[in-house]
């Protein structure tokens, strides 16, 4: 079933329920109005003197009374059927009962009143017109309501016709209203289909009014912006990766061609050539690893758990010291316990990248300081630092300053740091350390409420 069909069906169903309820309420109101006056007349007659109807014919054309004895006999005798309900009242049941009965094809409203023993009723045999009934009995008050019943039946037929007409009108209006109401949705669908066919992520929907469809248009425009940005970053990553891969691959190709004449090379030259090829392969492996890390996006796999940030920093510092010893670099660390939410492998990768970057740019015999407390990590070095003009670009993919382009690396380390920090709702900034004089990178994570340390 289409959405339009569901809208029409809902409209018709709502109209049908309203029409049926209105018709039912009208019928109940009219019926109550017609019969209540008759019932009031019968109840008033039951409290006043009882008049003998006089003739059998009048008993079936107007109103009259009749006494039913406990034996089932009637006074006067009539053709009114005596059923079990009347007998119950004649045999001592108290109270009264109002009902509609059919006698000879005519509809009558019948009031049954139970009388106790020794009740005094009107009669034609006594000198005073009153008689005492020794046993329990029942008195009947009957009024012909055939006209009212016929009016109700006629009303039912009219209400059915009105209800059918109302449903037809509701169906027509539902179709027209659904068509008019869904026209903007059809336009949005057509525009989205056009985007899907042309794959034009630069297209934007008209935002429209401040309503549900306008909100849908604006949300879809934001989605298009995200997709367009993602496509741009993807293309840019491929272009930058191909550019970065070209240099080591060209160098490897050249060295491989030279290696074909290995017999003509001096032993020292052959060793140098082999070492260069190993270094270039290591650079390629590092670049591929970094590209794989970036391809994971801002949301990596695995559950986010509470981690001891100080333990992650200690692990990274221990690893970095093995590389720092080669350059006689001293790494000082002041680490206090703190807990953050994240994934251990991603946090370790981000902190390791900062330490690797610091070791790379710190001159031999230099110093590196690492501090961590209150869900924050800071890595400072005594290297040349980063100029104010380069600070806005340090976290861009494949970006390297003019002074570092001769050094090994892909320019992806700091961009991975920014990606990891953003994934866990943190922030990273860079400035100059006032004591060591070099660059200082500071990561601030969102601290957890758990301050308990094991």
Shape of the range 305-444, Cα gyration tensor, a/c cut at 1.5 | oblate
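Per 0.36 nm of contour for each residue apart, how much would the distance between residue 223 and residue 249 grow if the chain were fully extended, relative to their Cα-Cα spacing? Walk me through the numbers before you get to the answer.
Working: separation 26, 0.36 × 26 = 9.36 nm, distance 3.80 nm.
Going from the current span to full extension adds 5.6 nm.
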Taking the alpha-carbon centroid of each part, what is the distance from the range 1-38 to the range 162-190 in angstrom?
-> 19 Å
Which peptide among 8-17, 340-349 comes first, and what is the full order, when sorted by highest mean count of other Cβ atoms within 10 Å?
-> 340-349, 8-17
Could you calculate the FRET efficiency of residue 33 with residue 71 from 1/(1 + (r/R0)^6), where r is the beta carbon distance between them and R0 is 25 Å, rounded to 0.05?
-> 0.05
Two-site label geometry, residue 118 and residue 17: point separation in nm, points 7 Å out along Cα→Cβ | 6.1 nm
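What is the gain in length, in nm to one decimal, between residue 260 and residue 100 on full extension, counting 0.36 nm per residue of separation less the C-alpha to C-alpha distance?
Values: separation 160, 0.36 × 160 = 57.60 nm, distance 11.83 nm.
Fully extending the segment from residue 260 to residue 100 adds 45.8 nm.
Mind ranking 156-165, 423-432 by how tightly packed they are, going by the mean number of other C-beta atoms within 10 angstrom, highest first?
With the highest mean Cβ count within 10 Å placed first, the list reads 423-432, 156-165.
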What is the distance, in nm, between label points placed 7 Å from the Cα along the Cα-to-Cβ direction at residue 26 and at residue 232?
-> 6.5 nm
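Computed FRET efficiency, Cβ-Cβ of residue 212 and residue 160, R0 56 Å: what is it to the nearest 0.05?
Details: r = 38 Å, r/R0 = 0.68.
Efficiency, from the Cβ-Cβ distance: 0.90.
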Separation of the range 197-232 and the range 338-376 by C-alpha centroid, Å?
-> 40 Å
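With a ≥ b ≥ c the root eigenvalues of the C-alpha gyration tensor of the range 95-224, is it rounded (a/c under 1.5), prolate (a/b larger than b/c) or oblate?
Details: a/c = 8.32, a/b = 4.33, b/c = 1.92.
Note, shape of the range 95-224 comes out prolate.
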How do the peptides 251-258, 414-421 rank, highest first, by the average count of neighbouring beta carbon atoms within 10 Å per residue?
-> 414-421, 251-258
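Every number here is computed from the coordinates shown, using simple stated rules; none is lab data. As the structure is a computational prediction, the values presented were derived from the model and not from experiment. Neighbour counts are summed over all protein chains in view; Cβ atoms, including those assigned to glycine, are modelled from backbone coordinates with ideal geometry.
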